[in-house]
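Following: one structure in C-alpha cells, then a few remarks.
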Amino acid sequence: MSVEVSARSYWIGYQTILIKEITRILRIWAQTLIPPVITMSLYFVIFGAIIGRRVGEMGGMPYMDFIVPGLIMLSVITNSYGNITSSFFGAKFGKHVEELLVSPLPPWIILAGYVSGAVFRALAVGILVWLVAAVFSGFHMHNFLVTISILLMTAIVFALAGFINAIYARKFDDISIIPTFVLQPLTYLGGVFFSVSLLPGVAQQIALVNPIVYMVNAFRYGLLGVTDVSLWLAYAIILGFGAVLFFVCLTLLSRGVGLRS
Amino acid sequence: MPPQDYTKNMPSVMNALEVCQLHKTYNNGVEALKGIDLTVTEGDFFALLGPNGAGKSTLIGIVSSLVNASSGETRVFDISVQKQRSQAMAQIGLVPQEVNFNQFEKPFDIVVNQAGYYGVPRRIARERAEYYLGKLGLWDKAFRMSRTLSGGMKRRLLIARAMVHEPRLLILDEPTAGVDIEIRRSMWKFIEEINAAGTTVILTTHYLEEAENLCRNIAIIDQGRIVENTSVKELLGKLDIETFVLDLRAPVSQVPVIDGIEVILRDATTLEASIPKSKSLNRLFSRLEAEGIEVVSMRNKANRLEELFVRMVHLDEETAA
C-alpha cells in the first residue's frame, strides 16, 4: 500500500491546503491585507471623524464608536467572500484544482481547507481594521465570547457562500456579480452606518429580512453592548445559514458540479 | 529515496486496474465510452492507444475520478473508484495531458503540496520532492517560478508531482507530447526504472514507437470501444506484411519483378519492398544481387505498431459505417 488513507492523512491534507492559502494571502499582502485597511481608514476619517461630528449620537453612543463594529464586519464579510471566490475560482480556472480532485481528500476536507483560509484572511483584515479603529475611537470590548464567536461564524458563512459562487463561476466576471449586486447593498443596508430602529415601520420590517443586520448587530453587542435585534435570534440565523450553505457546498463538491465532467 | 518494490513478498499478481462495462455520455450527448472492459495487471507497462477523440482521456479521467462515469465500474487494486474514491485515489499518480499546476508557484512547493494532499508528512514530502525533482533533472529549478520553466521541464515536473506519494499505479496521458528527443529519452529511462521497481504504468501516447519499445501490453481504443487488447508481441505478430525502404548505391530505371514481393520505385535510388512474413528477405536480396542492384541501407517504412494501429482504427471506422 503506497499511502494509507486515515484521519492523520486527512489532517495533513487539511493543513496543506490551509498553509498554501495562508502563504498565498501573505505573499500578495499588498492585494489581500492592505487595501481593505486603507478603505476602512477612509471610512473612519470621512464618516466617523468628519461627518460623524455633525451626526452626533447613534444608538446612544458617539457615531464614530457606533460604526466601528459595522465597518469591521464589512471588511470581514467582503474579505472572507472575496478570498474564497478568487482562490477557488483561480484554481478552477488554472485547472490546478485537479491536484485536489485526483487526491484522496474527501470533499469536506477540501471545503474546510478553503474556508479556513478565507477565515484567516477575514480575521487578519478584521484585526487590522480594529487596530485602525482603535486610533479613532479606542478599544471597546463588552463581551469577548460574543465578539469572537460572531466574527468567526460570519466569516465562515460568507466563505461558504463565496465557495458556491466560485463553483458556479465560469469566468472572472461571475465572481464579481454577487459581491457587487447582492453583497454590497445588503451590507451597506445591514446597519453598518445606522441603527435599523431609525427606519420607518415597513422599511424596518424589510431591513430585518437581511441576515447581515443580525450579524452586524450581534457583533456590535459584543463590542459595545448595544443591539437592535435579539442576540439569540442572531445566533440562530447565522447558524442556520451556515448549516444550509455547508450542506449545499458539500453536495456540490461531492457531485463535482462545475468541477468534474 | 528510491521507490519501494511492491512486488516483493506478494503472493500473486493482482489487477492494478479493472474496468467493467464503462459507459460515459457527456451532457452534450457525446457518447465517449460505449461499454469498455479492460484489465491491467500489477507491474505491467501498459499502452492505451487511440486516435484523437477515441475516449482515452475520458477513460483516464474516470479512473482518476476527474470524470464521472455514466455507468459501469472501475477498480484500482480491487478498490472501487466509485464507492471508495479516497482509498482508490491514494493508489494512483496521474500525469495529465495538459499542464495543470499553478504556474505562479515554485516546483518544490507544487510537489511538496501534492504530497500533503496524499497525507505525506511535510518532512518526508520535502525529502521526496528533492529526490524526484533531482531524478528528473529539475532540482536546480526547484525554487524558480514554475511559469519560467520550459515545456519539457513542465512535463517532467508533472511526473515528479505524480510520483511524490509513490503511487502503485502511474497513469501518463501523453507525457512526451512536444518534448524533444533527448528529454523524452531521459523521461522514459526514469519511467522504466519506476516500472522495474514495481509501479504499474499506463501510458497513452501518439509516439507509437514509444509504446512498441516500452510497453508489454496494449489496448487500442477507437470511437469509445476497445478494438484490440493484447500483448505488444502478439499484436506485432499479426502484422503479416512489412514494408522496407531500400537505399541503392546507383540509380536504377527498372523495378525488378519478384514473385510474392511487391517492389516499387520511389525514386531513382530508392526502392520500396512490401514483403509478406511468409516470404524470406533472402529472396529479395538474391534477386537484387542478380540484377546487379547494390543496397547501401535499409529501414522500415513506418513503425510496425503504427501500421497495425492505422489498420485497426481504419477497420473499426469501416465496421461502424
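The values are calculated or read from the model by the stated rules, or taken from the named source; none is laboratory data. Keep in mind that what you see is a predicted model, and the values were worked out from it rather than measured. For neighbour counting, all protein chains shown are included, and Cβ atoms are generated from backbone atoms with ideal geometry for every residue, glycine included.
Listed values, structure above:
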| quantity | calculated |
| --- | --- |
| Residue satisfying all of: in the range B:166-192; away from chain A (no Cβ under 14 Å) and among the basic types (Lys, Arg); farthest from B:SER150 (Cα to Cα) among these | B:LYS189 |
| Number of the condition not met by B:VAL95 [criteria: (1) within 10 Å of chain A (Cβ to nearest Cβ); (2) among the β-branched types (Val, Ile, Thr); (3) closer than 17 Å to B:THR205 by Cβ] | (1) |
| Residue that is over 26 Å from A:THR180 (Cα atoms) and in contact with a helix residue (DSSP H, G or I) (Cβ under 9 Å, 6 or more places away or on another chain), where the choices are A:MET40, A:MET58, A:MET73 | A:MET58 |
| Residue in the range B:171-190 that is crowded, with 22+ Cβ neighbours inside 10 Å, basic (Lys, Arg) and either touching a Lys or Arg at 6+ places or on another chain (Cβ under 6 Å) or outside any loop (DSSP other than H, G, I, E, B) (or both) present | no |
| Candidate set from the range A:1-13 (those that are loosely packed, with under 12 Cβ neighbours inside 10 Å and in a helix (DSSP H, G or I)); member that is farthest from the other protein chains (Cβ to nearest Cβ) | A:ALA7 |
| Which numbered condition A:GLY191 fails, given (1) closer than 15 Å to A:PHE158 by Cβ; (2) in contact (Cβ under 8 Å) with a residue 12 or more places away in the chain | (1) |
| Test result for B:ALA302, at pLDDT below 85 and hydrophobic (A, V, I, L, M, F, W, C) | yes |
| Selected residue (criterion: modelled with the lowest pLDDT) from residues of the range A:42-84 that are among the aromatic types (Phe, Trp, Tyr) and in contact with a Lys or Arg (Cβ under 9 Å, 6 or more places away or on another chain) | A:TYR63 |
| When residues of the range A:21-56 are limited to those that are free of Cβ contacts under 8 Å to residues at least 12 places away in the same chain and among the charged types (D, E, K, R), the one surrounded by the fewest Cβ atoms within 10 Å (Cβ to Cβ) | A:ARG54 |
| Criterion (buried (at least 18 other Cβ atoms within 10 Å of the Cβ), of a type outside the set (D, E, K, R) and over 18 Å from the mean Cα position of the chain (by Cα)) met by exactly one of A:LEU252, A:LEU198 | A:LEU252 |
| Hits in the range B:213-224 - residues which are in contact with a Gly (Cβ under 7 Å, 6 or more places away or on another chain) and assigned to a strand (DSSP E or B) | B:ILE220, B:ILE221, B:ASP222 |
| A:VAL257 being within 14 Å of chain B (Cβ to nearest Cβ) and β-branched (Val, Ile, Thr) | yes |
| Subset of the range B:64-90 [under 13 Å from B:GLU18 (Cβ atoms), crowded, with 23+ Cβ neighbours inside 10 Å and facing another protein chain (nearest Cβ under 10 Å)] | B:ALA88 |
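Okay, residues lined up against (1) within 24 Å of B:PHE101 (Cα to Cα); (2) under 21 Å from the mean Cα position of the chain (by Cα):
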| position | (1), (2) |
| --- | --- |
| A:ILE46 | no, no |
| A:VAL55 | no, no |
| A:MET58 | no, no |
| A:PRO69 | no, yes |
| A:THR78 | no, yes |
| A:GLY82 | yes, yes |
| A:PHE89 | yes, yes |
| A:TRP108 | yes, yes |
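Residues checked against (1) outside any strand (DSSP E or B); (2) farther than 28 Å from B:HIS23 by Cα; (3) free of Cβ contacts under 8 Å to residues at least 60 places away in the same chain:
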| position | (1), (2), (3) |
| --- | --- |
| B:VAL201 | no, no, no |
| B:ALA211 | yes, no, no |
| B:ILE226 | no, no, no |
| B:LYS233 | yes, yes, yes |
| B:VAL252 | yes, yes, yes |
| B:PRO256 | yes, yes, yes |
| B:GLU272 | no, yes, yes |
